[in-house]
Every structure is written in C-alpha cells, then in structure tokens.
Amino acid sequence: MLGTITDFLADWYLVTKSLHVVSVISWMAGIFYLPRLFVYHVEQVQAGSTTDAIFQTMERRLLRGIMNPAMVATWVFGLALVFTPGVVDWSFAWPWVKAAAVLGMTWFHHWLGLRRKEFIAGTNTRSGRTYRMMNEVPTVLMVVIVFSVILRW
C-alpha cells in the first residue's frame, strides 16, 4: 500500500509541484491584499456605512473564496511533496526553516481572519499604520521560504 502511494507521488511529482506553486501564488496574492483592504477600511470608511458593508463583502470574499482554499491547497500539495520520495532531506536545515516560515504564514492568515471578525463586530481598534506594518510579515516569511527552498541551506 505504502509503495503504491509513494509511486503515485513520484509519478505525479511535477504536477503536484506545479499545483503547489499555483496555490502559493494565489494564497500570497490574498495575504498581501487583505491587509491593504484593512488599511483603507480603517482609514477611509465610516463604520456602519454602505461603504463599510462593501468593504466587509470584499474582505469576506477574498478570505473565504480565495485565501482559505488557496491555503488549504498549498498545505495539501506541499505535504504531498514532503511525502514524495527523494524530495526533502530532513537532515538539512532548509526544510525545517521553510516549515517554520509556513507555520508563521498560516498564523498570519488566521490573524487576518480574526481582524476581519473585528471589522464585522465594529470592534477594530488597530490603525492603518498597524496593518501596514503587519503587511511586512508575509514579505519576510516569503523571502525566508524562497531562499530556503532555492538555496537549500
């Protein structure tokens, strides 16, 4: 049974890798855009207004329609790559560094989801500056991930 699964993963390696890259790109697009929406939302929109409702709709659709499925797909295809024979050598530091950064990216994703709930409840207390600063978190994590995978430290 295990041999059949690893054979399948090996045979489908390039497809899995391609789907992983597409998923990551989709996830990152949303993870960069949602905090920017929050900046505009907090700085330009009056709570309870029609524009507030529009922003909430855009934020919900981005998170639920793009980011959540892309995050799940990134994890599924990433784990498939991890279990593909010969792809990851855990004796090196790079897969551990990448894994930590992916966990950080996942934390950030959920942090954004909690902030969206605050906008819905009308309890957001964070400034546009806070969201601008937090928007640098995925950039740093992305650099760590890319350099880890490409340079294989």
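FYI, it's all coordinate maths here, none of it is from the lab. Note that this is a predicted model, so its numbers are computed, not measured. Note that we place each Cβ from the backbone using ideal geometry, even for glycine, and neighbour counts take in every protein chain shown.
Return the FRET efficiency for the residue pair residue 43, residue 97: r is the Cβ-Cβ distance, R0 is 30 Å, and the value is rounded to the nearest 0.05. In this case the efficiency is close to 0.25.
Mind checking which of 94, 127, 50 is farthest towards the positive end of the range 2-151's charge dipole, using Cβ charges of +1 (Lys, Arg) and -1 (Asp, Glu) about the Cα centre? Among 94, 127, 50, the one farthest towards the positive end of the dipole of the range 2-151 is 50.
Beta carbons within 10 angstrom, averaged per residue: use that to sort the peptides 118-130, 21-33, highest first.
Working: 118-130: 12.9, 21-33: 17.6.
Packing proxy ranking, top to bottom: 21-33, 118-130.
Counted by neighbouring Cβ atoms within 10 Å, the residues 98, 17 run from fewest to most as 17, 98.
Taking amide hydrogens as placed 1.01 Å from N in the peptide plane, the amide H of residue 153 sits under 5 Å from those of 94, each at least 5 positions away in sequence or on another chain.
Rounded to whole Å, the principal axis extents of the Cα atoms in the range 62-101 read 38, 20, 7, largest first.
For residue 132 and residue 12, the FRET efficiency from 1/(1 + (r/R0)^6), where r spans their Cβ atoms and R0 equals 41 Å, is about 0.50.
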